[in-house]
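See below for the structure under consideration.
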């Protein structure tokens, strides 16, 4: 049995994290924490909300682990900063692997990894610290995702791809095999990436055109 858990955050992702840990893991969530300036209520999801500055006095790292459940704000830098702050206080960072993800034997989960349902992680892929894999992604064999990345839903990362730290890959993006994406890159929703990209590259997909006639004038679909 793993140790009880404190979740950093009180937003949507923290609410989801509490649900996943409670219904699909052997972790029990005991409390939530945020920076003191952002404590708006005494409780969240029927559990106490404790200022982060004082968390170790009430829920010490000798007895509790911590999970940082925040978004990709600032290209995931907020999450990485809070992970570092939690570890500086002595907390071990938990991870969550959905029982409905397909993960081959031998995969080593890094601290604060968050893998949701219907992800496929092929053999020999490597995923760094603080990475979020939203639902339904394909992570190809021998691929490597750096620390503090956010992979949105239904992304295809082909075999042998390397993705640098602090990158964001949007919904339905496709990355061809054996390419290297630099640090702090943004691959927009629906983008198709076929070649290497340096640090801080932004890819935008071409959006669908809006037809010049309304749907009421369509003769067939």
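The values are calculated or read from the model by the stated rules, or taken from the named source; none is laboratory data. Just so you know, these numbers come straight off a predicted model, no measurement behind them. Methodologically, a virtual Cβ is constructed for each residue, glycine included, from the backbone with ideal geometry; neighbour enumeration extends over all protein chains shown.
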Next on the checklist: From the list 166, 178, 154, 141, exactly one residue is surrounded by 23 or more Cβ atoms within 10 Å (Cβ to Cβ) and either touching a helix residue (DSSP H, G or I) at 6+ places or on another chain (Cβ under 9 Å) or at pLDDT 95 or above (or both). Which is it?
Outcome noted: 166
Next on the checklist: Checking residue 57 against (1) exposed (fewer than 14 other Cβ atoms within 10 Å of the Cβ); (2) closer than 18 Å to residue 134 by Cα: exactly one of these is not met. Which one?
Outcome noted: (2)
Checklist outcome for this item: Within region 69-92, the residues that are closer than 20 Å to residue 18 by Cβ and surrounded by 20 or more Cβ atoms within 10 Å (Cβ to Cβ) are 69, 70, 72, 79, 82, 83, 86, 91
Checklist outcome for this item: Residue hits (region 96-118; in contact with a strand residue (DSSP E or B) (Cβ under 7 Å, 6 or more places away or on another chain), part of a loop (DSSP other than H, G, I, E, B) and without any contact (Cβ under 8 Å) to a residue 40 or more places away in the chain) are 101, 104, 107, 109, 110, 111, 113
Checklist entry - How many residues are at pLDDT below 95 and farther than 22 Å from residue 130 by Cβ when one looks only at region 1-38? => result 1
Checklist entry - In this structure, does residue 66 turn out to be in a helix (DSSP H, G or I) and either surrounded by 14 or more Cβ atoms within 10 Å (Cβ to Cβ) or out of contact with any helix residue (DSSP H, G or I) (no Cβ under 7 Å at 6 or more places or on another chain) (or both)? => result no
